[in-house]
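Here's the structure, in structure tokens; my notes come after.
The values are calculated or read from the model by the stated rules, or taken from the named source; none is laboratory data. Nothing here was measured: the structure is a model prediction, and the numbers come from that model. Please note: Cβ atoms are built from the backbone with ideal geometry, for glycine as well, and neighbour counts cover all protein chains shown.
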Amino acid sequence: MSTATRPSRVRAARGLWAIPIVLAVVLLVGLVVTLSHSGPRWTGTNSVPQRMQRIGLQKGDEACQGSQLLPAGSGRMRMFIEPGYRGGTPQAAMTIRTQDDGLVARSRGRYLRKGEIGIPLSAMDFAVDPAGRRTDVGAYVCIRNTGRTPFDITGVLTPFGQTTINGRRHVDIALTALWFAPENKTWWQELPDIIPRVGHARIGGVWAFWAALFLLLAAIAVALTTAFREQPR
């Protein structure tokens with residue numbers, strides 16, 4: 001073998017061994033950045049898809065929907081609301097009642113125009129204060145139009161809808177509702193809640209989460225150690 005080509009081959013081999021090291025570092029940095037991102041966190045949904053069927057509310061009208069899921073820890077509810085005319089700004093108030101606790105929340109909505117929540121739909125957020133202490137599957141949610149702008153609340157057409165208008169007229173539409181934690185959180189802050197859920201997933205208990213995390217970190221450490229040791233000299 002020519003001595004002139006040996007150094008170049010050694011440098012090429014070292015470059016190849018650097019690839020898994022760089023990939024491991026990029027993976028770890030990406031994981032840390034992702035877990036550190038702060039954003040709204042879902043606590044639940046009423047499982048009603050957004051299909052653009054609508055209920056229209058004029059000034060003073062109220063739409064109520066029963067048998068709703070109110071997840072524990074929810075501090076904000078979102079419904080998808082479209083103004084009745086271009087440029088209008090809907091105004092609404094929300095009340096939530098449960099059979100056990102009676103009135104649990106009352107607030108005015110904050111209107112979010114199209115694009116503010118990252119999707120081409122407008123919505124309205126309602127504060128739930130204090131946040132739900134426990135999950136309730138029989139909540140009664142009402143939305144009242146308190147402004148001059150008529151608006152539509154969207155959901156899906158279904159014969160099983162539990163929606164009434166002004167306490168009298170029943171409509172076969174279920175309204176979409178999303179529930180969020182009261183404040184934005186990072187995934188690091190969510191770990192205390194995520195770990196028990198993993199442990200309850202019939203895979204051996206909470207210890208299974210920590211065992212899987214340990215094995216992942218150990219595998220990365222072994223790969224890096226091997227890469228360093230096997231580098232050509």
Counting only strands (runs of 3 or more DSSP E) wholly inside region 60-135, the ones holding at least 1 residues that are out of contact with any Ser or Thr (no Cβ under 8 Å at 6 or more places or on another chain) and surrounded by 17 or more Cβ atoms within 10 Å (Cβ to Cβ) are 62-70, 76-79, 92-98, 102-112, 123-127
Could you please find all residues in region 125-156 being under 15 Å from Ile55 (Cα atoms), within 24 Å of the chain's Cα centre (by Cα) and among the hydrophobic types (A, V, I, L, M, F, W, C)? Val141, Cys142, Ile143, Ile153, Val156
If I filter region 4-24 for residues that are surrounded by 13 or more Cβ atoms within 10 Å (Cβ to Cβ), modelled with pLDDT of 85 or more and of a type outside the set (Lys, Arg), do I get at least one hit? no
Considering each of Arg168, Arg148 in turn, give the residue that is within 17 Å of Gln91 (Cα to Cα) and of a type in the set (Lys, Arg). Arg148
Which numbered condition Gln99 misses (of (1) farther than 19 Å from Leu178 by Cβ; (2) under 24 Å from the mean Cα position of the chain (by Cα)): (2)
